[in-house]
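Got a structure for you, written out below as C-alpha cells; questions coming shortly.
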Amino acid sequence: MMRENPPNRRALSPLDHDALDRLALRYVERFATTRARLIAYLDRKVRERGWQGAPADPVSLADRMVALGYIDERAFAAARAGAMARRGLGERRISAALRAAGVGEDEGSALTPMIAQGALAAGLRFAQRKRLGPYAVTAPDRAMRERQLAAMLRAGHSFELARKILSMTPGDDRALDVLISGDEDFCDITNP
C-alpha cells in the first residue's frame, strides 16, 4: 500500500543507485534482518519514491550485503527463535515465523534440534505465563480445558506436550518435578 505525501511536505526525489545503496546500508545498520526482508524494503522504497537511471536491482544489492557480512541469516534466525522460545512459543510457531521472515531452509533447519530440545521448557513457560496446567489456580472444567489445549496448540506446541502439561493438577509440584527431570516416559516432541 503506497502512502501519499501530505500536501505540506515536499515531494521526495526519485532514487538512483547511490541513494538505494545508502538506504540499504542504513537499514542493515539499524535492524537485524534477512536477505528477503531487505529486498522487500528496497522494492517498497523504489515503488514509493520512483526510480531514476538504469533499472533498479535490489536483489544484487541484498546479495552484496550478505557477502559483506552485514546480513547474517543464521544469527538472525537463532536470535528470533531464542526470543520466541523464551516467550513460551512452540516449534511450529517458531518455524512459521522464521519462514515468514524469509529465513532460508538451510538456516531454519539448522535450528530445529535446538528448538526441539527446548520444547518442554517453552511449553512450561507458556503454561506458567497463561496459568495453565500445574500453574493454574483451580482445576479447569472440560470446556476450559479444551480452550487451554487450543491455546497451547496455537502457540505451536505438539498435542502430546500440551496434553501432558494440561493433565497436571494445579499446584502438583511432584508431577512437575517428574516431568522436568525426565524420570517419566515422555513423548518425543520432535515428532508430534
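So, in the stretch 41-71, how many residues would count as being free of Cβ contacts under 8 Å to residues at least 40 places away in the same chain and open to solvent by 40 Å² or more (accessible area, probe 1.4 Å)?
18
Tell me, yes or no, whether the stretch 151-173 has at least one residue that is part of a helix (DSSP H, G or I), open to solvent by 50 Å² or more (accessible area, probe 1.4 Å), modelled with pLDDT of 95 or more and closer than 30 Å to residue 37 by Cβ.
Within the stretch 151-173, one or more residues are part of a helix (DSSP H, G or I), open to solvent by 50 Å² or more (accessible area, probe 1.4 Å), modelled with pLDDT of 95 or more and closer than 30 Å to residue 37 by Cβ.
Still on this structure, I have one more. Can you tell me how many residues within the stretch 93-138 are open to solvent by 30 Å² or more (accessible area, probe 1.4 Å) and in a helix (DSSP H, G or I)?
The total comes to 21.
Is it the case that the stretch 28-35 has a residue that's in contact with a strand residue (DSSP E or B) (Cβ under 9 Å, 6 or more places away or on another chain), among the aromatic types (Phe, Trp, Tyr) and either open to solvent by 80 Å² or more (accessible area, probe 1.4 Å) or touching a residue at least 24 places away in the same chain (Cβ under 8 Å) (or both)?
No.
Looking at 32, 56, which one is hydrophobic (A, V, I, L, M, F, W, C), modelled with pLDDT under 95 and farther than 30 Å from residue 79 by Cα?
When all the criteria are applied, what remains is 56.
With the structure loaded, tell me whether residue 85 is without any contact (Cβ under 8 Å) to a residue 24 or more places away in the chain and in a helix (DSSP H, G or I) or whether it fails that test.
In short, no.
Moving to a separate point now. Do we have residue 79 as open to solvent by 40 Å² or more (accessible area, probe 1.4 Å) and in a helix (DSSP H, G or I) here?
Criteria met by residue 79.
Still on this structure: If you check residue 80 against the conditions, is it in contact (Cβ under 8 Å) with a residue 60 or more places away in the chain and within 30 Å of residue 29 (Cβ to Cβ)?
no
Can you name the condition, by its number, that residue 90 falls short on among (1) touching a His at 6+ places or on another chain (Cβ under 8 Å); (2) under 30 Å from residue 126 (Cα atoms); (3) open to solvent by 30 Å² or more (accessible area, probe 1.4 Å)?
(3)
The values are calculated or read from the model by the stated rules, or taken from the named source; none is laboratory data. Treat the numbers as computed from the prediction; the structure is a model and nothing was measured. Note that we place each Cβ from the backbone using ideal geometry, even for glycine, and neighbour counts take in every protein chain shown. Areas reflect the complete protein model, heavy atoms only, side chains present, ligands, DNA and RNA absent. Shrake-Rupley method; radii C 1.70, N 1.55, O 1.52, S 1.80 Å.
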